[in-house]
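The values are calculated or read from the model by the stated rules, or taken from the named source; none is laboratory data. What you see is a predicted model, and the numbers here were worked out from it, not measured in a lab. Cβ: placed from backbone, ideal geometry, glycine included. Neighbour counts: every protein chain shown.
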Amino acid sequence: MTGAMRGRPGRGRAIAGAFLLVLLFLLAFAGPLVSPWGWDDIDFTAFLSPPSARHWFGTTQSGRDVFALTLRGMQKSLIIGLSVAVLSTGLAAVVGTVAGYFGGWADRALMWGVDLLLVLPSFLVMAVLSPALGGGWQALVALLAAFLWMVTARMVRGMTVSLREREWVLAARFLGVGATRTIVRHVLPHLASLLLVDAAVNVSVAILAESGLSYFGFGVRPPDTSLGTVIAESRGAATVFPWLFGFAAGLLVLIVLAVNLLADGLRDVLDPQLAASGPSAEAEAEVTADGARAGSGAGSGEPAVEGSAG
Amino acid sequence: MNPRGIGTNVLEVQDLAVTYRPDVRAVRGVSFSVGRGQVLGVVGESGSGKTAVALAVLGLLPDRTEVTGSVRLRGRELLGLSDGEMSRIRGKDLAMVFQDPLSSLTPVHAVGDQIAEAIRIHSGATRGAARARAVELLDLVGIPDAARRARAHPHEFSGGMRQRVMIAMAVANDPLAIVADEPTTALDVTLQAQVLDVLRTAGEAAGAAILMITHDLGMVAGFADRVLVMYAGRAVESGQVEDIYRRPRMPYTIGLLRSLPRLDDAGGRPVPIDGAPPQLNALPPGCPFAPRCPIAVGACWDDEPEMLPVGRPGHAAACLNTPATRDPDAVFPLTPTELLPPIGEDDAARARTSREAVLDVKDLHRFHVEQRNSFGRGKGLLRAVDGVSFDIRAGETLGLVGESGCGKTTVLMEILAMARPRNGGRIEILGEDSAGLDGAGRKALRRNVQVVFQDPFSSLDPRMRVAAILAEPLRTHAFPSEHIPDRVQELLKLVGLEPSHANRHPYGLSGGQRQRVAIARALALEPSLVLLDEPVAALDVSVQAGVIDLLEELRARLGLAYLFVAHDLAVVRRVADRIAVMHRGRIVEIGDVEHVYEDPAHPYTCALLDAVPIPDPVLERKRGRVRLPDVPPDAPRLETGCLFRQRCPRYLALSEASRALCDREDPVSRSIDGEPDRMVACHYALGVST
């Protein structure tokens, strides 16, 4: 929180998160280039050896290099996690705002679809459909995204219904601004905090769900690998041979942390009201002694989500 | 202590200072005292620190707030008491009445029980005795049939009655002092005076000192004994109410009084005070009012002036230049009421009816279906708008007034929907029937019809910069994009803002500036009709006059027509050419502003006009008022005859035989003899031959 307090609050967090994420991507995709071992190479001279100069993260039971394996898994996990998050949150935003803004039959039909998806046993459906769709990671992304968006869509719809009645939305409508544009310019920005936090959570949920599926053999399949499969394979031996598990789990935590930092920071950066503390603001409203005006002024924004900076 | 004790100071505040975290000095050394049975009015605009004073006295400030000085209630120091100790004093010796009676009462308990609870907590009376006392108190505050209504729940009371219940609760334990924070701001004008009367009577019955916090100078004039004017956290003037209103000596007070639109039309156009109040976390040295003061001298910028006695005993003002304020007219000179040439030269000469109608509403209806019980049975129709007809000619302003819930905003929304009215009627905008519009036609028409909402804090998207807000209508209606930045600057200039404001977000602007942005947005496409929904109601008095001036000037310059929806009759008089008075979904009287204000024909119009307070203590106390009774929501709803007769003072004065007509027949709008454009819907209207 040191340098971050200058300029916009949240900037520091956003930059730190983005920096960490870029580092992780670099590690995942450039790391294998410097590693002496390929992810499918087997070192017959070292089975279950602890981290050393030869094998930086140690080796597995079958003599595979954990460093190469973990990075290979991380590539998949990063791609799956991020694309699932973007897809599911995007879908939730579209469905939720359309249902909430237009109301009527569009609302009923969409919410009926949401409820239907919510009651389906998603794990079973994915288990059945994943092999049927060819078992590629793209199919897995689509399936994971398809079952993650419903609750958020309901939340987005509820917030849109209240935003629709706000005077600035009415004003836009009475200016003749079209529905799509009104949603994009006047409704979505006010949902940004919800959507960003939701996307960040979805990254971790997707990675975890993927590893769960992989464990049962429905997700990423051997010989391909993901962080989830790496962790899953080391189960049981984790306490005795911690390197099998520790590095993969640590990187998973780092990914989730980076994404959360970025989302949390972005949310505050994108909120102009939080930036009002700068010396350029000449408002009398937000610093008035009268609670009433300050309340109505500051409260006119979107439903607040408290920052967790500390 | 003398038995009557009048004049002894009950509540004494010395050098009170309140600092909110971080470093917002809301109150900076305020001192006053209120005697037994006295009323002190604390007046100030938003940000003046008046609410902080009230909360400090009540001990209700947030925990991390720094409070210094002294607050003594009959000699006992209240500052520094623990919350538990304060709770024993609050509600007993120190009572309060807040602005919003709906949120101050618990919705799930009967009001009688809530009052009884307040009594029992502090006095330990038995349940039965407390109940009996509660009924007595409800009777005292003028609630009819108190014994029965004590068992009713808050939602069964109207706003005015809820505030009476709050007052009953406040005086339940015979408090020494009552702190009332804007007690009538949320109420309709017809109820304000009545509630104030109740507060006064109840206060006198309890012998309490009343500290009345308000922004409304007109209201205080007839109510307070002494007035304290606050600005930027300091008291800037205090004195007897007559001295403050008749002989104000601080330029800010003079400016406030001058900026009030007045119904009695004494002394011409209201004058705005330029600029905005200073920020409380970065106060410049010197007098905080100096940047806005027309008579500031060099020394004003050096030191903050102290309160010094001036004029008659008991009158004090914090101003260095009091010799110059002896004549208030010299400080804020009033411009005489002059009618701007409102329309183009040729138009002005033509008669009203020969000018083009920009808006023609005929027999508009809008019903809401309401369910009377939780099983959905017994559905009733709420006639929000019930046969409203009016027209607006080019370059003309029609004021649409009425109490809250009379349907005026519904009319506005029906017009803005630009669709076939759902429950019947016909809306013609610029000669086009709204029922026949398709999407493209509607969009084209929106270009010519714009709207300004009441609250500039919510009508501007807080996420957008001013430039983007102003560019939006231009972009929507295919204004060449290379000219947009120029047009935005032009618009800012038109409404009196600086070019640099384009890069601000709305929160970076003051209320008046935000409303100017909203007006600029409405004018971006050069419409011919602008619908104004209470455009100044949310603004401070000193800013209101400036915005009204702007609206008038723009109308004259651009030849606009306005539909001006408002509840404040003084503002409407200032702005409108014609006025339509609405009651329960109907227009009961419509006509020229001059004629309607001079001799109102409908009893409801008379009552509305009567209720507007005049910011002059002498005149205000001399006025005899016709009081409109308040109809509770559970009263039987009238379906036949005149819908106003439950509240009508004229109906009460009629003989039994004459009343039959009101009971039986719904009055239709009839024209008044000799005035072609004047209509009134009353069987016994003044000036109509029957």
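Filtering the range A:149-187 to residues that are over 18 Å from the mean Cα position of the chain (by Cα) and among the hydroxyl-bearing types (Ser, Thr, Tyr) leaves A:THR160, A:SER162, A:THR180, A:THR182. So which residues in the range B:515-545 are out of contact with any Ser or Thr (no Cβ under 8 Å at 6 or more places or on another chain) and of a type in the set (D, E, K, R)? Answer for the range B:515-545, where residues must be out of contact with any Ser or Thr (no Cβ under 8 Å at 6 or more places or on another chain) and of a type in the set (D, E, K, R): B:ARG516, B:ARG521, B:GLU526, B:GLU534. Could we say that A:ARG164 is without any contact (Cβ under 8 Å) to a residue 60 or more places away in the chain, touching a helix residue (DSSP H, G or I) at 6+ places or on another chain (Cβ under 9 Å) and surrounded by fewer than 22 Cβ atoms within 10 Å (Cβ to Cβ) here? Here the answer is no, as A:ARG164 does not meet what is asked. Among the helices (runs of 4 or more DSSP H) confined to the range B:125-195, the ones with at least 2 residues that are in the same structural domain as B:ARG76 (by TED's automatic domain parsing) and of a type in the set (Asp, Glu) are located at B:127-140. Residue count for the range B:220-263, restricted to those that are modelled with pLDDT of 85 or more and not in a helix (DSSP H, G or I): 22.
Checked against the criteria, B:GLN279 does not count as over 19 Å from B:VAL547 (Cα atoms), away from chain A (no Cβ under 14 Å) and out of contact with any helix residue (DSSP H, G or I) (no Cβ under 8 Å at 6 or more places or on another chain). In the range B:28-63, how many are part of a strand (DSSP E or B) and within 14 Å of chain A (Cβ to nearest Cβ)? Going through the range B:28-63 one residue at a time, the tally reaches 5. Right, A:VAL141: of a type in the set (A, V, I, L, M), surrounded by 18 or more Cβ atoms within 10 Å (Cβ to Cβ), more than 14 Å from every other protein chain (Cβ to nearest Cβ) and touching a residue at least 24 places away in the same chain (Cβ under 8 Å) or not? Yes: the conditions hold for A:VAL141. When restricted to residues that are in contact (Cβ under 8 Å) with a residue 60 or more places away in the chain and within 17 Å of the chain's Cα centre (by Cα), the range B:513-538 contains 7.
Filter the range B:669-690 down to residues that are modelled with pLDDT of 85 or more and among the hydrophobic types (A, V, I, L, M, F, W, C) and give me whichever is surrounded by the most Cβ atoms within 10 Å (Cβ to Cβ). Filtering first and then ranking leaves B:VAL680.
Yes or no, residue by residue, for (1) modelled with pLDDT of 85 or more; (2) surrounded by 15 or more Cβ atoms within 10 Å (Cβ to Cβ); (3) of a type in the set (S, T, N, Q); (4) under 23 Å from the mean Cα position of the chain (by Cα):
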{"site": "A:GLN61", "(1), (2), (3), (4)": "no, no, yes, no"}
{"site": "A:MET74", "(1), (2), (3), (4)": "yes, yes, no, yes"}
{"site": "A:PHE102", "(1), (2), (3), (4)": "yes, yes, no, no"}
{"site": "A:LEU118", "(1), (2), (3), (4)": "yes, no, no, yes"}
{"site": "A:VAL128", "(1), (2), (3), (4)": "no, no, no, no"}
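Of all residues in the range B:426-455, those that are within 13 Å of chain A (Cβ to nearest Cβ) have Cβ atoms under 6 Å from Cβ atoms of residues that are acidic (Asp, Glu) and surrounded by 15 or more Cβ atoms within 10 Å (Cβ to Cβ), 6 or more apart or on another chain, in B:PHE453/A:GLU167; B:PHE453/B:ASP533; B:GLN454/B:ASP533; B:GLN454/B:GLU534. The condition (being more than 30 Å from the chain's Cα centre (by Cα) and either at positive phi or assigned by TED's automatic domain parsing to the domain that holds B:SER510 (or both)) is satisfied by just one residue among B:GLY275, B:GLY311, B:GLY298: B:GLY311. In this entry, B:GLU85 is excluded by the filter for residues that are more than 14 Å from chain A (Cβ to nearest Cβ), in a strand (DSSP E or B) and at pLDDT 85 or above.
Among the conditions (1) within 19 Å of B:VAL401 (Cβ to Cβ); (2) more than 14 Å from every other protein chain (Cβ to nearest Cβ), the only one that B:LEU531 does not satisfy is (2).
Quick check: anything in the range A:180-187 touching a Leu at 6+ places or on another chain (Cβ under 7 Å) and away from chain B (no Cβ under 14 Å)? Among the residues of the range A:180-187, not one is touching a Leu at 6+ places or on another chain (Cβ under 7 Å) and away from chain B (no Cβ under 14 Å), which makes the answer no.
On the stretch given as the range A:188-203, residues that are within 22 Å of B:VAL466 (Cβ to Cβ) and either away from chain B (no Cβ under 11 Å) or under 16 Å from the mean Cα position of the chain (by Cα) (or both) total 1. Of the candidates B:ILE590, B:ILE614, the single residue that is crowded, with 19+ Cβ neighbours inside 10 Å and more than 30 Å from B:ALA224 (Cβ to Cβ) is B:ILE590.
Yes/no per residue for (1) more than 17 Å from B:VAL530 (Cβ to Cβ); (2) part of a helix (DSSP H, G or I); (3) among the hydroxyl-bearing types (Ser, Thr, Tyr):
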site: B:ARG442; (1), (2), (3): yes, yes, no
site: B:VAL451; (1), (2), (3): no, no, no
site: B:PHE457; (1), (2), (3): yes, yes, no
site: B:ASP461; (1), (2), (3): yes, no, no
site: B:ALA467; (1), (2), (3): yes, yes, no
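Each residue in the range B:552-564 was checked for being buried (at least 24 other Cβ atoms within 10 Å of the Cβ) and of a type outside the set (Gly, Ala, Ser), and 4 of them qualify. Checked against (1) under 32 Å from the mean Cα position of the chain (by Cα); (2) surrounded by fewer than 21 Cβ atoms within 10 Å (Cβ to Cβ), B:GLY436 meets all criteria but (1).
The one condition from (1) assigned by TED's automatic domain parsing to the domain that holds B:GLY49; (2) in contact with a strand residue (DSSP E or B) (Cβ under 9 Å, 6 or more places away or on another chain); (3) not in a strand (DSSP E or B) that B:GLU204 does not meet is (2). Screening the candidates A:ALA172, A:ALA153, A:ALA146 for the property of being within 11 Å of another protein chain (Cβ to nearest Cβ), buried (at least 17 other Cβ atoms within 10 Å of the Cβ) and aliphatic (A, V, I, L, M) yields one hit, A:ALA172. Of all residues in the range B:277-296, those that are at pLDDT 80 or above have Cβ atoms under 7 Å from Cβ atoms of residues that are aliphatic (A, V, I, L, M) and surrounded by fewer than 18 Cβ atoms within 10 Å (Cβ to Cβ), 6 or more apart or on another chain, in B:ILE295/B:ALA324. Of the residues in the range B:485-495, at least one is away from chain A (no Cβ under 14 Å), within 30 Å of B:LEU257 (Cβ to Cβ) and of a type outside the set (S, T, N, Q). Let me confirm something: among B:ALA502, B:ALA524, B:ALA520, which residue is over 21 Å from B:ASP568 (Cβ atoms), surrounded by 24 or more Cβ atoms within 10 Å (Cβ to Cβ) and away from every other protein chain (no Cβ under 12 Å)? The conditions single out B:ALA520.
Selection of first residues in the range A:195-219 that are without any contact (Cβ under 8 Å) to a residue 60 or more places away in the chain and crowded, with 19+ Cβ neighbours inside 10 Å and of second residues that are among the β-branched types (Val, Ile, Thr) and outside any helix (DSSP H, G or I), restricted to Cβ pairs under 6 Å at least 6 apart or on distinct chains, gives the following pairs, ordered by first then second residue: A:SER214/A:VAL220.
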